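Please read the structure below before turning to the comments.
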Amino acid sequence: MAQLAASSSAMKFYSPSTPIWCPGCGDFGVLASVKKALADLQIKSKDTVIVGGIGCSGSIHNDMECYGIHSLHGRLLPTAIGVKLANPNLTVIAAGGDGDGYAIGAGHFMHTLKKNPSIVYIVMQNGTYGLTKGQPSPTAKVGYEGNQDLPFDAVLTALSIPSTTFIARGFSGNQNQLTDLMKKAITHANSNRGMGFLEVLSPCVTYNDTYKEWREQVYDLNADKSYNPDNRLLAFTKASELLDQGKIPTGLIYLGKSKSLESNTSTFREHEAIAKQDIGLANNLPKYEQLLRDFR
Ligand SMILES: Cc1ncc(C[n+]2csc(CCOP(=O)(O)OP(=O)(O)O)c2C)c(N)n1
Ligand code: SF4
Ligand SMILES: [Mg+2]
């Protein structure tokens, strides 16, 4: 929980907490890259909202100097969409775990990819439920804690949904690449081009230490100059081939041009967003009084 600095008013200053993660947790790399990306892009704390999920990863907003919401397990995406639609001028980042996003939150994951709101979604993927001490998550490999299912691949899932516009994967063990992808995801969302989906391979050193194997498996698609992220079919083919070869594709995997949720003016009109409304008493007293009467 962000701490209230010495002040008589809860509205004045908050200072970020120190992360409570185990030493070496991949989430430290994600935190560092979000901070650096926001600083490099000169996005102010007052204009940034991070919506955390439930899990070790879901505490990331506590460690940042910006607005934060600790959402319900698996429900960070609808919360983040609500924030964005209430005030489209904000940089809205949803950040949670693979259990949060791909298990209990899987329905929201699919439909948010489909709706394509202009938010960033970071999934810290560690193949386990870290906070609850190491049960297999949907991305767990075969054999991990008795798991017999082949792992779910979120990049292939996102590629199969026609309205997605930004699909990327980074690795906590490669900070330069991760920060670059983070900046691209934020810039994509802030240009109202839809959701910047960034899965980060973020090892849980306590219950599923995959640093060594992931370091050997990652394959940066963008290092291959012949790779074109504009082509969904190529992205799907290439990602599937690499997975079959025991590799994990990383980098900016797909960049598309479908419409974002907010650009659909039949359902969203920016000037009607809540933050842009005059809600002061002076012009609205009769309406508020009527509202109270309606509840009696
Ligand atoms: C509705 C609900 N069900 C279950 C839990 C218990 N729970 C807390 S965190 C968690 C899983 C976290 O895994 P993940 O999202 O991968 O995050 P990580 O800890 O690995 O970063 C679960 C099942 C909960 N808090 N709320
Ligand atoms: S249990 Fe795993 S995911 Fe949680 S803080 Fe420790 S290393 Fe990170
Ligand atoms: Mg996890």
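Any read-out appearing in this document is the output of simple, stated calculations on the displayed coordinates, not a laboratory observation. Here the structure is a predicted model, which means the values were calculated and not measured. FYI the Cβ positions are ideal-geometry reconstructions off the backbone, even for glycines, and counts take in every protein chain you see.
Remarks
- For Ser160, neighbours were defined as the other residues whose beta-carbon sits under 11 Å from its Cβ, and their charges (Lys and Arg +1, Asp and Glu -1) total +1.
- A Förster radius of 41 Å, combined with the Cβ-Cβ distance separating Ile274 from Gln245, puts the computed FRET efficiency at roughly 0.25.
- For segment 20-295, the spread of Cα positions along each principal axis, largest first, Å: 66, 41, 35
- Spatially near lysine pairs across segment 35-192, Cα under 19 Å, sequence gap of 8 or more or different chains: 18
- Straight-distance crosslink candidates among lysines, where the alpha carbon sits under 22 Å from Lys287 and sequence neighbours closer than 8 are dropped: Lys276
- Per residue, the average separation of C-alpha pairs within less than 8 Å and at least 6 apart gives the chain a relative contact order of 17 percent.
- Ranked by the mean number of other Cβ atoms within 10 Å of their residues, highest first, the peptides 105-113, 73-81 come out as 73-81, 105-113.
- Calculated mean residue ellipticity at 222 nm for the chain: -9500 deg cm²/dmol, from DSSP H runs with n ≥ 4 weighted as -39500 (n - 2.57), summed, divided by the residue count and rounded to 500.
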